[in-house]
Amino acid sequence: MSVTEKELGEFRAQVSAWMKDNKPADPGFLLPQSFMEVGSEQQLEFLREWQHKMWAAGYLGMAWPREYGGGGVEPVFQTIADQEMRRHLVPICFNIIGLGWAGPLIVDTGTEQEKVRYLKGILSAEDIWCQGFSEPDNGSDLGNAQIRAVRDGDEYVINGTKIWTTMGNYAKYMILLARTNPNTERKYDGLSFFLSPMKIEGIEARPIQKLTGEYGFTETFFTDARIPADCIMGEEGEGWKIAMKTLQYERGAEAGAAGGHSFVRVVIDDLIEQLGAYSRDGEPLLQDSLVRDQLVKLIIEEKALSLGDRRAGVGPLTTDYPFSLPLSSKLRITEYARRMRQFAISLQGAAGGLYVGDDEAPQGGFWQRAYFNSFSATIGGGTSQVQTNIVGEHILGLPK
Amino acid sequence: MSVTEKELGEFRAQVSAWMKDNKPADPGFLLPQSFMEVGSEQQLEFLREWQHKMWAAGYLGMAWPREYGGGGVEPVFQTIADQEMRRHLVPICFNIIGLGWAGPLIVDTGTEQEKVRYLKGILSAEDIWCQGFSEPDNGSDLGNAQIRAVRDGDEYVINGTKIWTTMGNYAKYMILLARTNPNTERKYDGLSFFLSPMKIEGIEARPIQKLTGEYGFTETFFTDARIPADCIMGEEGEGWKIAMKTLQYERGAEAGAAGGHSFVRVVIDDLIEQLGAYSRDGEPLLQDSLVRDQLVKLIIEEKALSLGDRRAGVGPLTTDYPFSLPLSSKLRITEYARRMRQFAISLQGAAGGLYVGDDEAPQGGFWQRAYFNSFSATIGGGTSQVQTNIVGEHILGLPK
Amino acid sequence: MSVLGNTTLKFSEEQAMILDTAREFCRDKSPVSAVREQLDTELGYDTGTWDEMVSLGWAGIALPEAYGGSGLGISALVPVVESMGRALLSTPLVSTALAAQMILRGGNTEQAERLLPDLASGTTATLALLENADWGDTRIGCIVDANGTLSGSKKYVMDAGTAQLFVVLVEHDGAPALALVRREQLADGAISSHTLIDQTKRAANIDFSGISLADADLICGETVATALGDVLLLGALLTAAEATGSAAACLDTVVEYLKTRKQFGRLIGSYQALKHPTVEMLTAMDSARSLLYHAATIVTDETLGKDAEIACRMAKAQATEALLFAGDRAVQFHGGMGFTYECDAQLYIRRAQWVQQQFGDSLHHRKRLAALLLD
Amino acid sequence: MSVLGNTTLKFSEEQAMILDTAREFCRDKSPVSAVREQLDTELGYDTGTWDEMVSLGWAGIALPEAYGGSGLGISALVPVVESMGRALLSTPLVSTALAAQMILRGGNTEQAERLLPDLASGTTATLALLENADWGDTRIGCIVDANGTLSGSKKYVMDAGTAQLFVVLVEHDGAPALALVRREQLADGAISSHTLIDQTKRAANIDFSGISLADADLICGETVATALGDVLLLGALLTAAEATGSAAACLDTVVEYLKTRKQFGRLIGSYQALKHPTVEMLTAMDSARSLLYHAATIVTDETLGKDAEIACRMAKAQATEALLFAGDRAVQFHGGMGFTYECDAQLYIRRAQWVQQQFGDSLHHRKRLAALLLD
């Protein structure tokens, strides 16, 4: 509040310089494009070291209390730091379930004991966190979670299966949504929220091989897994409310997250930059009218997305459907990303048939992998089809 | 059956020569592109004369009995005559509800009296027929027809409304689907089928102005309209069965229709032919790579449609989804037509903003009008959306 | 530097007030019944409505105060034109504004002082640019000879039936020039009206042959080419504004129908086959609107730079595509009703065909964008 | 004359029998479990299956009887390759058949007599054409010098790991020529394998430098250019056949899932958001299949004419688009499952990426079609 523009400007310059100086060199193996793609120990250790370094330099958890490893300053500093991370294209902050979900929840509502026990490990990347919301048969219908947690003395006994657990095989803790009461009238009222240990008997995190051939998620099986009763957050039956609160933190530092960027944005510039090396019919590809026209279409689309973010902040220009831009944003961005990446492959000629691991694959197979990974965003968090329903019903008021 | 290839070849040559010699000159006003577009007396009289001429020459009703004005020969001759009409781009046979729907029904199942009374007038174009199936609130759900026909002595009293009555304001007769019994268990069982006079008290056919600004259909209001009881075809309650039978005749001469082509097929050649006159950026339009690519895409699509008709006849090549090609044909053809016509307008530059009636409109506004009229086919007879459901459910077996 | 380039979007309180006023005005004055009443009138608009618009200051809103305008620039005109597009309200506002911009940017001070105050206070004017259907054809066949005599004709002159002043693109002394022709100089029968697909619009062929020009009514020199370039972009921008408004209104019309019409026992808006494309209309319109107000943010009275050119072209390309899609689907989704002249869907599909061509179609603009962005 | 041109489509009883046999064979030998077993093997196919295919006569099905074939032409190979595509069954059949066609069409009688009977009886061969990723690049960097020594390397050589004979496009004496290289002539380490996105396929870079050719192993003269032109078209055709089969199988996979998977209490295939695009997959596949068998109807052993060229290019363009769409939607429509390697959708989306590029993408073919159809 009392921060001046000048201070912020100076801070930005300082972060920027640090990022520039400390951005790690290419490690010689493919890095994950998002926190959902950490598939090897090699990647994990590299990212752990990088997050630790950023935290040690004071650029993570800036708005969290100093006593738990945070910086104790205004969130706006973190926002700036995050922007600079993205701008300098530094590696991602992989431990995002801790930094952006579990951490802020503990800061906001945790006990003193929980804060002491968990927060610093999240920031330093010592403790990796995962998320246990989705289940195999429920798609994105979280309220329908079936995994059971039964109180037995000072423990809960957990039985059931979670899926799409990011880094489930590496994580030390999970934020777990489980059913403590199967007989409530509203299905939501039977859910409870736990900060569960992962490295205990009865929990098996089986890596899921993705479309890309890589890993990043697990299917997580609980078989009579016993966790201390004090792992519960809040009271029994408050799980749904807490889970919904958790999802709010995703909105970034201003909403309480510890910061860090969790995915590499792939923009049209990345594509255009590389096209100079491509040819078609023996001529530079960028001289082909059809390719040019397709690129211009994509540029217009990406520019409109970017300008949409600006316009969303201008009240008088959003009076028709006030939440149209923010609510359709995930749909528009993820579908654009998918098409753009698919198009990128189409430009590579015979080399488009090569894949990650081939020395001659353009950009190491970056676009092939990026295209395949784009489905995690058009499917996860509500498929594009479901998102379209939501926009149609909530924004346009069309009947269900 | 006993017809030889040689006879057929000779006949084709003879029809072809006749069409070439007798094809009417451009009348100086726009002719309808289909029988659903007859919107002025001028068009009507022109088409009436043309149909009469074709019949008098022996090229309509060729397979109908001689005693009722037909030719009494094998249907294959009519099929050939129809092909030549299309090939020579002669004007359409506008009285198609008579020629292709009511007529064959009467030939097949009518009484002697009905045959004598109706058939010749259909062929000679003296008597125009219209169709009263659709109703304002039922879309294409014919079985739900609500118009009432109540027996009163030797008359039926009709009350209700029909819509999309082709040439309702010009027609002398209507094939009318009406409800004689509102209390049947299955809604279909309460329907009866009438050959109703149109020029009587109590029937008002109000022309519907179309999207194009032209006419062609009416909304037809029945208010205590009294028709002779012997106008009924078959028995009370057989209306649905007879209506379904009627729809079968649409398949052409081999199915019993009197022949004649009822719409002008608009093909990609028509478009390409005209593009020589267009320019873009001061250069011939046909040299523009993007226009060329779009045209090639359309040509591929039209060629695939055409080849689909061929493949549909090759059993071993249709084993996966045997009825896929015929059942999706309406959907594919009408959607293609709409897109192709819309594209045609886009090529005209500023002249694309001109319309029928402007001296300088390219081809007299042909493409603008054709685009607008194309919706009659993507909407009428089951919208493309409904057609897609039908293909998905009946061909692919997807759940309703 | 990102290929996205300039992505500023600002909207002042003043613009917000103008938008508010304009939307309310257009809604009041131009319900669809009023639009339909004008479809076959000669002028195509209600002169009373136009007079009120003039008295609200909109005719001069983009002109400098020195010439009787409000000095708010084109960026203040955009919300007005968008609102007109939304209400399908046709008036000579855009034609007059573009003619005024041509004089402002191309003419000398004497010409500006003599003509612009009239235009700012409601005298109607228009541009006469095209001689054939090709917006990309740069040849000029209309000539002003050494004696100041005009020969040749122009096509597709918007609002020709009402314009008092014509700014005519001509060739003079081997270079592009602009002839300022007053209505009374036209020969009898010089104007022959077009029949447009968008019946809310009016345009005509005009034969200018034989008109004698005073020196003061000819704009020559280097300013002509830059003024022409700018005005073609501003024309694209204002057409985009109108199209974006029309696309939004078309969407509303579709949504309204989908929320009330039942078929097979269900509200048709519940079918994804209609719901999902309707969401596409929304996102296409949203994109058009974002690009539109970005362009409105960066165009100024100065010669338009590369960023402004990119912005105007993108706005036009996107708005065109959005409205073409919306108009086409509006007809289809209204079913049998959509196929009638009575259904409002026809107003939008017709507007879409006109809009796509006015000041160049999206192919035209994307081709130029490719050169600006990729070379 | 219509721009649609030749629209014949015939399918003989013999072809029908071959299609029947091939579909059954491929279904039996290549269930998806067998496909997955081959994904990371060195050769990428089961040699036992290949031997059976050879014994069914398919290796020589398109070759003249004089050279040990069945004399049925390429049109008999199309149903076999389509069936393989449907079952994702990879073998060196296409590579071998294309290499054989190159020798048949380009080589002299001595060469044909010496080499083709072996190929017809199961000796594997392949083409080495590309030196960079650009299918439209006609420059040749591989040279056979006056002494018959080869220099240069080729990329993207299909089935290089198993081929016994390589037909290499080279330059000799300033003109295109074909070098016939036997596997044993390759230097140690000459082959370096590619990692392909379609894991059912195998290809490699090959360095041919230093190999000495006997005169009899060089094909020169005017036949080379026409043979090359023909084989590029036949390659496109056979790739289209494979892609059409894969698209049909992908559709089946999607339909099966949509008929059994429930979400929000309903079978997901009842949602129009999934149902309608699935119908689009069907119609795109249907179009591809119609174009494919039209092309199969009109290609012959003679030099391919304009109609055949048009047909092959259209078949490839359409099949490519159909499979790209089907593969993409297959992943999406399988939801979370679709994002796993375990789900078969990945096999099709990967096949689609490979198919789109093999023998030129749809842009490549449409560009050439434009010249054939519009000039």
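In table form, for the structure just shown:
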item	result
Condition met for residue D:371 (more than 15 Å from residue D:237 (Cα to Cα), more than 8 Å from every other protein chain (Cβ to nearest Cβ) and free of Cβ contacts under 8 Å to residues at least 12 places away in the same chain)	yes
Output for region B:130-148, where each listed residue is in contact with a Lys or Arg (Cβ under 7 Å, 6 or more places away or on another chain) and part of a strand (DSSP E or B)	B:132, B:135, B:148
Residue that is modelled with the lowest pLDDT, among those in region A:258-293 that are surrounded by fewer than 19 Cβ atoms within 10 Å (Cβ to Cβ) and of a type in the set (S, T, N, Q)	A:274
Some residue of region B:337-346 being at pLDDT 95 or above and at the interface with chain D (Cβ under 7 Å from one of its Cβ atoms)	no
Matching residues, region B:290-320, being at the interface with chain D (Cβ under 7 Å from one of its Cβ atoms), not charged (D, E, K, R) and not in a helix (DSSP H, G or I)	B:314
In region D:76-113, residue nearest to the chain's Cα centre (by Cα) [restricted to those that are crowded, with 24+ Cβ neighbours inside 10 Å and among the hydroxyl-bearing types (Ser, Thr, Tyr)]	D:95
Breaking point among (1) farther than 23 Å from residue C:223 by Cα; (2) out of contact with any helix residue (DSSP H, G or I) (no Cβ under 7 Å at 6 or more places or on another chain), for residue C:156	(2)
Where residue B:287 falls short, out of the listed (1) without any contact (Cβ under 8 Å) to a residue 12 or more places away in the chain; (2) within 7 Å of chain D (Cβ to nearest Cβ); (3) closer than 24 Å to residue B:344 by Cα	(2)
Residue in region B:108-131 that is surrounded by 17 or more Cβ atoms within 10 Å (Cβ to Cβ), polar (S, T, N, Q), closer than 24 Å to residue B:232 by Cβ and without any contact (Cβ under 8 Å) to a residue 40 or more places away in the chain present	no
Residues satisfying the stated conditions in region B:173-209, i.e. closer than 30 Å to residue B:365 by Cα and out of contact with any strand residue (DSSP E or B) (no Cβ under 6 Å at 6 or more places or on another chain)	B:209
Region D:315-342 - residue that is at the interface with chain A (Cβ under 8 Å from one of its Cβ atoms) and under 25 Å from the mean Cα position of the chain (by Cα) and, of those, nearest to residue D:271 (Cα to Cα)	D:331
Residue list for region D:134-181, restricted to those being assigned to a loop (DSSP other than H, G, I, E, B), surrounded by fewer than 22 Cβ atoms within 10 Å (Cβ to Cβ) and within 14 Å of chain A (Cβ to nearest Cβ)	D:136, D:137, D:138, D:139, D:140, D:141
Test: residue in region C:327-334 that is more than 28 Å from residue B:382 (Cα to Cα) and either of a type outside the set (Asp, Glu) or surrounded by 24 or more Cβ atoms within 10 Å (Cβ to Cβ) (or both)	no
Qualifying positions in region A:371-383 - at the interface with another protein chain (Cβ under 7 Å from one of its Cβ atoms) and of a type in the set (S, T, N, Q)	A:376, A:378, A:383
Selection status of residue B:225, outside any helix (DSSP H, G or I), of a type outside the set (D, E, K, R) and either closer than 22 Å to residue B:336 by Cβ or in contact with a Lys or Arg (Cβ under 8 Å, 6 or more places away or on another chain) (or both)	no
Any hit, region D:349-372, residues being in a helix (DSSP H, G or I), within 19 Å of the chain's Cα centre (by Cα) and farther than 30 Å from residue D:102 by Cα	yes
Failed criterion for residue B:155 (all others in (1) of a type outside the set (Lys, Arg); (2) in contact (Cβ under 8 Å) with a residue 12 or more places away in the chain; (3) in the same structural domain as residue B:59 (by TED's automatic domain parsing) hold)	(3)
Qualifying residue in region C:227-234 (condition: of a type in the set (D, E, K, R), more than 14 Å from chain B (Cβ to nearest Cβ), surrounded by fewer than 17 Cβ atoms within 10 Å (Cβ to Cβ) and not in a loop (DSSP other than H, G, I, E, B))	no
Qualifying residue in region A:41-62 (condition: without any contact (Cβ under 8 Å) to a residue 60 or more places away in the chain, assigned to a loop (DSSP other than H, G, I, E, B), exposed (fewer than 15 other Cβ atoms within 10 Å of the Cβ) and at positive phi)	no
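Residue-wise test of (1) free of Cβ contacts under 8 Å to residues at least 12 places away in the same chain; (2) crowded, with 21+ Cβ neighbours inside 10 Å; (3) in the same structural domain as residue B:137 (by TED's automatic domain parsing); (4) hydroxyl-bearing (Ser, Thr, Tyr).
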site	(1), (2), (3), (4)
B:171	no, yes, yes, no
B:175	no, yes, yes, no
B:181	no, no, yes, no
B:186	yes, no, yes, no
B:218	no, yes, yes, yes
B:236	no, no, yes, no
B:243	no, yes, yes, no
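The values are calculated or read from the model by the stated rules, or taken from the named source; none is laboratory data. Note that the structure is predicted; figures quoted are calculated from it, not measured. Cβ coordinates were reconstructed from backbone atoms using ideal geometry, including for glycine residues, and neighbour counts include every protein chain displayed.
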